[in-house]
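The values are calculated or read from the model by the stated rules, or taken from the named source; none is laboratory data. Predicted, not measured: the structure shown is a model, and the values here were computed from it. In this analysis, Cβ positions are derived from the backbone assuming ideal geometry, glycine residues included, and neighbour counts consider all displayed protein chains. For the accessible areas, the whole protein counts, side chains as well, though only heavy atoms, and no ligand, DNA or RNA atoms are used. Shrake-Rupley method; radii C 1.70, N 1.55, O 1.52, S 1.80 Å.
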Amino acid sequence: MKHVTRAYRALANRHGMGAALFVAIAVTLWVVVFITLPQLSMLDYSFRFNLPADQIGTEADHYTLSNFHSFFFNADGSLNRLDLVILGRTLLAAAIVTLIDVIICYPIAYILAHGAKGVAARLMVIGLIIPYWINEILRAFAFRVLFGATGVVNTVGMQMGLWDVPVDFIRADVALYFGLSYAYILLMIFPMYNAIEALDHTQVEAARDMGAPLWRVHWRVVLPIAKPGIVSGATMVFMLTAGALAAPQILGGPSNLWFTQVIYQWFNESSNWPRGSAYAVVLLLTCISFVLLMMRVFKVSVGEIGK
Amino acid sequence: MPETSPVSSPDRSVLLDHVSIRFGNFTAVDNANLKINSGEFFSFLGPSGCGKTTLLRCISGFSEPTEGRVLIGAKDMKGVGPNKRPTALIFQHLALFPLMSVADNIAFPLEVRGVGKKMRRKRAEDLLDMIALPGIGDKKVSELSGGQKQRVAIARALAVEPDILLLDEPLSALDLKLRQHMRTELRAIQQQVGVTFIYITHDQGEALTMSDRVAVMSKGVIEQVGAPDQIYNRPRSSFVASFVGENNALKGIVKVQSEDMAALETPMGTFEARVGGGRKYKPGDEALLFVRPEQLVPGKAENAFQATLSRQEFEGATNHVFARAGDTDLRISMVNGGLAGSVGSTGDTMSLGFAPMNATILPVGQIASEA
Amino acid sequence: MSRAVVFGGAYAIAFFSFLFGPLIIMVITAFNSSKFPRIVPWDCFTTGWFAELFGNQRLMEGLLNSVIIGVGVVALAVPIGLAGALALSELPSKLRAMLYTVLILPILIPGVVLGISTIVLWGQISRGLGGAVQAGMYNGYFLTIVGQITFVSAYAMLVFIARLQRFDATQTEAALDLGATPGQAFRKILLPFMAPAIGSAAFITLLASFENYNTTVFTVLSESTFTTALASKVRHGTDPSLSALAVIIITITLVGALTNEAVQRRKEAELGGKASRSPLYANPLTRALTHPGVVFAILVAIVATVSYVGSKHDSSVCEAAILQDKLDRQAELRAAQKAKIEAQEVEQGITVPKPEGGFGGAFGGLGGAAPVAPAAPKPEGGFGGAFGGIAPPAPSE
Ligand SMILES: Nc1ncnc2c1ncn2[C@@H]1O[C@H](COP(=O)(O)OP(=O)(O)OP(=O)(O)O)[C@@H](O)[C@H]1O
Ligand SMILES: [Mg+2]
């Protein structure tokens, strides 16, 4: 608190009372009203019963663990496999998508940082950004066009005689994985690029001169430098993939739900907000723990993210 | 001009009254106590990191002293912000505003004081005339050369006629030629406007050529204050002796002291010299004898000793001779005396001497590494 | 060494094919008259899907809502982001890291969670306040703006942090030293320096607000934004008017990117002093042609011309022919089936898809596209939401 008031005074001295007041109010509003309170409120809600409006505030309205209990267990006491499996599969799929993105983005980030020059580098950057100007929904739609029953992949595949009945890529979640891997590539490449760019290229050349094979140069010289960028990008891609809603709704198979879809259904179809809140809390906590775990494992701090 | 217009000659002095500035446990300025006179060109000279900028920021109001007081024109400046002090600071990298034109830069101090547009333009043009850059008011800052930027920064600082102009190594970014030219120019401007200049530098050449007086600093401590020739010829500490100009240091033991002269026994012999800083030594005390390269004269009978010539560097007007006596390396500067002036070749033994009045005995202390 | 270059080049080409392939295919489908977005078989070249797009009431309403919400979000998120960046610049490092984590968190938190927490909190607050306040607060516009600000402000903040890092703090000190009050220094020195960042932050926040689905789909309640309308359209069956939309967006993007490139080039050339040397700038004609304004005007003119010519294109004759062809073939097929059914006495009939495909929704997937395969695969239009595969309350499958 002492530091906060001191920082406030420093701000006032540097930029004036008006600016300091503006900063203080805006940041407080953001942190308290927009970030913290909603989460607390959701947490509070997740411990309540789903009551009709006229019963809220009455005796029936007290705290309960039932929403969380029914996430883990069915009414008969057996494990709630359905939801647990969906959550597990969502996390696993998000992790796989993240890994795929790391692998396919690394060479591009490296080429961009140390290979491409001038016009080529410029074109590459523009080429990376342009797809992200296009609405997320339309990007997902593009993969539906690609993988639909009459999509290009099926028509070409069948015409080449690879298969003779349209393959349902959507039911098999192939379209979904492609779409998700595609969706956040940019967020993986740029932090990676920023990190790799800091590398002095002569180091790579020196290592090559000493006869180290290419893979070894990357493993020993480039990767350690790229690590914070990779972790930063991976964190973002993982969180966004695990929290994705549009892509699974558009590209997901009808029987394999994403965990966000389950939450969505509790809210919008079953109108059970407390249960939905509880599921949202579960999603939030597992995602954050997963990311913190990964950061601990790779020894990277949150401060790296967003750079 | 608004409020700052000088009616009679104002008091433009600065008094540092036992000023100490600390960052946590670290003392950046240690008990600075001196007075800078009205209209003086005063320099702080010291190696990098000795606390010069810290002291300057304290005078201009960006920080308050941890202890002591800063008085400007005999007024205590405690609690007076930088924008309320009659000082103007020229930053090390000038801090011109890149988004404004040259004229807008110069007129900025007037703008924030609510002076009208026409008046501002007029004043900016006057100042541009003063710095001999008429007609560049509409240029962008990025279009100026280094020396032009320098002068624009000075014009901007002088726009509201401050009492004190503070300059933080303003020439360090310029090349050598321009730097030497700007020295003369700065001095001329100072004499023209009569403002007190407080100048910071780690370049002794700058400090000695421009200043009325110089304060030499080391590790936050002001070692000596005086006119340039005093600093050079009468150093009061081994740091000042070794930091300002070239110097030879001979280590020895004091045998006798009488008034301001003493005899020092060194491995090369016993020498007589002036005692620096008004110190008192007991026989047996360790001390250093400083003698400048140009004071070592071949064949001189006083304080004579033998040395072996190790190498020479010929530099036109002066000939730098390096010799070794005992385990001490010596540096000798000789005015080029034409073809007759040769002192011999490497390996030759030469006899050297120096006048007692032109050498100084000082207590053993810090020696500046980069002279 | 050259092997590495070849490999790198080949990889880059493969990678960019992955990035652009789906988009290019989508763009092409916008001009095929087939009711389902596809490029083979090709029916007729048409521009009709653009008309269909603009005629979509729900999307156009959503567009208006998105603009309203976007303006609100930009107006709030940009100042908030700026405040965040300024606060961070003044805090000691430990506290700074803490605040940074808190402020950046909304970018990482799943959008669904943000949306839910927003409606839950404001639902409670407005219920407590009741009356007119409740109506003003608990509506899609307010909630969406509030919900989006939470994380959009962080994007703005990142832009400002990057810019602020390049600010030379001695500029402010110089202004103070020259007699400016801190407020004056802020307005006359820092804000003008931040101006370009304010522009790009506004742009990025507008785009992020416009684009957002995960949070908005909860907070928008019964209203809809452009993106949520789009999503529900995609979920309930696809038709090439969405491809037409992609064509429009991609065109705008390309025009923007090229103009921006022209601006950057010129700026660089002028800064580097290359402007006087480059032959492009020496010749007055080429110099004028490479001016960003001219580049932009030329691009707009091209787009306008193409759109005008395109809008005059009439594909009805070709489409009628194709339709006739289809009807003939279906009649044939039906006859063949009838014969088959009669012959084998199989009582289970197959619904023959209607060629008009008018209700595009649940059966949109077939839409006369699979005449050769009567044993059609399951329609792909009806999953995910409305025709939901699984209703969550059913715990077993
Ligand atoms: N805000 C601060 N916090 C902690 N230490 C500081 C701070 N400002 C300066 N110092 C320390 O005080 C000492 C003096 O710094 P100062 O900038 O005054 O040096 P200087 O003499 O101007 O050097 P230079 O010639 O390199 O500019 C340095 O050791 C520096 O690290
Ligand atoms: Mg300094």
>> Under 5 Å between amide hydrogens, which residues at least 5 positions from residue B:359 or on another chain qualify, with H placed 1.01 Å from N in the peptide plane?
In response: B:274
>> Under 5 Å between amide hydrogens, which residues at least 5 positions from residue B:89 or on another chain qualify, with H placed 1.01 Å from N in the peptide plane?
In response: B:166
> Once the piece of chain linking residue A:10 and residue A:269 is laid out straight, how much longer is it, given 0.36 nm per residue of separation minus the C-alpha distance between them?
Replying inline: 88.1 nm
>> Based on C-alpha coordinates, I'd like the Rg and Dmax of chain B, in Å.
In response: 24.5, 76
>> For the stretch C:315-341 and the stretch C:106-165, what is the centre-to-centre distance using only Cα atoms, to the nearest Å?
In response: 54
> At 222 nm, what helix-only mean residue ellipticity would chain B give, in deg cm²/dmol to the nearest 500, using -39500 (n - 2.57) for each DSSP H run of four or more?
Replying inline: -6500 deg cm²/dmol
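Need one word for chain A: rounded, prolate or oblate. Basis is the Cα gyration tensor (sqrt eigenvalues a ≥ b ≥ c); a/c below 1.5 gives rounded, then a/b vs b/c decides. Could you put the intermediate results ahead of the total?
Numbers: a/c = 2.07, a/b = 1.15, b/c = 1.80.
Oblate, because a/c is 1.5 or more while a/b does not exceed b/c.
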>> Nearest 10 degrees is fine. How inclined is helix B:102-111 to the longest principal axis of chain B, computing both from alpha carbons?
In response: 70
> Of B:35/B:75; B:255/B:280; A:2/C:188, which pairs sit farther than 23 Å apart, going by alpha carbon to alpha carbon?
Replying inline: A:2/C:188
> So, with +1 on the Cβ of K and R and -1 on the Cβ of D and E, and no other charges, what is the size of the charge dipole of the protein assembly as shown about its Cα centre, to the nearest 20 debye?
Replying inline: 1020
>> Once neighbouring chains are kept in place and the probe is 1.4 Å, which whole percent of the accessible area of the stretch B:14-233 is contributed by carbon and sulfur?
In response: 50
>> Can you work out the Karplus-derived ³J(HN,Hα) for every residue in the stretch B:51-65? Use 6.51 cos²θ - 1.76 cosθ + 1.60 with θ = phi - 60°, whole Hz, and x for glycine or proline.
In response: x, 5, 4, 4, 5, 5, 5, 6, 5, 7, x, 6, 9, 9, x
>> If I build a Gaussian network model for chain A, linking alpha-carbon pairs within less than 10 angstrom, which residue out of A:19, A:207, A:175 has the largest mean-square fluctuation?
In response: A:19
> How many nm is it between the label spots at residue B:74 and residue A:61, if each spot is 7 Å from the Cα in line with the beta carbon?
Replying inline: 7.5
> Given the options B:348, B:30, B:285, which has the most mean-square fluctuation in a GNM of chain B, springs set between C-alpha atoms less than 10 angstrom apart?
Replying inline: B:348
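To the nearest 20 Debye, how big is the dipole of the stretch C:88-242 about its Cα centre, given +1 on the beta carbon of each Lys and Arg and -1 on that of each Asp and Glu? All intermediate terms of the calculation are to be shown ahead of the outcome.
Numbers: 9 positive and 7 negative charges, 31 e Å.
For this selection, approximately 140 debye.
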> What FRET efficiency comes out for the pair residue A:43/residue C:40, r = Cβ-Cβ distance, R0 = 45 Å, nearest 0.05?
Replying inline: 0.30
>> What number comes out for accessible area per residue over the stretch B:238-370 if the probe is 1.4 Å? Units Å², please.
In response: 49
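Between chains A and C, what is the buried accessible area summed over both chains (1.4 Å probe, protein heavy atoms, nearest 100 Å²)?
Values: alone 18450 and 24740 Å², together 33440 Å².
For chain A against chain C, roughly 9700 Å² becomes buried.
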> Rounded to a whole number, what is D in µm²/s for the protein assembly as shown from Stokes-Einstein with the Kirkwood radius over alpha-carbon pairs (10 °C, 1.306 mPa s)?
Replying inline: 44
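Could you tell me whether the stretch A:154-307 comes out rounded, prolate or oblate from its Cα gyration tensor? Rule is a ≥ b ≥ c as square roots of the eigenvalues, rounded for a/c under 1.5, then prolate if a/b exceeds b/c, otherwise oblate. Write down the numbers at each step before the final one.
Values: a/c = 3.58, a/b = 1.40, b/c = 2.56.
Note, shape of the stretch A:154-307 comes out oblate.
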> In whole percent, how big is the carbon plus sulfur part of the accessible area of the stretch C:61-237, probe 1.4 Å, protein atoms only?
Replying inline: 69
> Quick one: Karplus J couplings for the stretch A:6-16, per residue in order, coefficients 6.51, -1.76, 1.60, θ = phi - 60°, nearest Hz, x for Gly and Pro?
Replying inline: 5, 4, 4, 5, 4, 4, 4, 5, 7, 10, x
> Which of A:69, C:294, C:113 sits closest to the plus end of the dipole of the protein assembly as shown, meaning its Cα is farthest towards the positive end, when Lys and Arg get +1 and Asp and Glu get -1 on the C-beta?
Replying inline: C:294
> Tell me, which cysteines of the protein assembly as shown are without a disulfide-compatible partner by the Cβ under 4.7 Å rule?
Replying inline: A:105, A:287, B:50, B:58
> What FRET efficiency would be calculated for the residue pair residue B:31, residue B:187, taking the C-beta separation as r and a Förster radius of 41 Å, to the nearest 0.05?
Replying inline: 0.85
> Distance from the Cα centre of the stretch B:91-154 to that of the stretch A:113-149, in angstrom?
Replying inline: 47
> Amide H neighbours of residue B:31 under 5 Å, counting only residues 5+ apart in sequence or on other chains, H built in-plane at 1.01 Å?
Replying inline: B:20, B:21
>> Angle check, please: helix B:117-130 long axis (alpha carbons) against the longest principal axis of chain B (alpha carbons), in degrees 0 to 90, nearest 10.
In response: 30
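For a Förster distance of 60 Å, can you work out the FRET efficiency between the beta-carbons of residue B:122 and residue C:302, rounded to the nearest 0.05? If you can, show how the numbers build up before the last one.
On the way: r = 51 Å, r/R0 = 0.86.
About 0.70, to the nearest 0.05.
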> If you line up the long axis of helix B:146-158 against the longest principal axis of chain B, both from Cα atoms, how many degrees apart are they, to the nearest 10?
Replying inline: 60
> By the gyration tensor of its Cα atoms, with a ≥ b ≥ c the square roots of the eigenvalues, what is the shape of the stretch C:61-237: rounded for a/c under 1.5, prolate for a/b over b/c, or oblate?
Replying inline: prolate
>> Per residue of the stretch B:309-320, what does 6.51 cos²θ - 1.76 cosθ + 1.60 with θ = phi - 60° give for ³J(HN,Hα)? Whole Hz please, x for Gly and Pro, Karplus curve as stated.
In response: 6, 9, 5, 10, 10, 8, 9, x, 5, 10, 10, 8
> Which longest run of chain B has no exposed loop site in it, a site being GluC sites (Glu not before Pro) in a DSSP loop with at most 16 other beta carbons within 10 Å, and the site itself not part of the run?
Replying inline: B:4-245
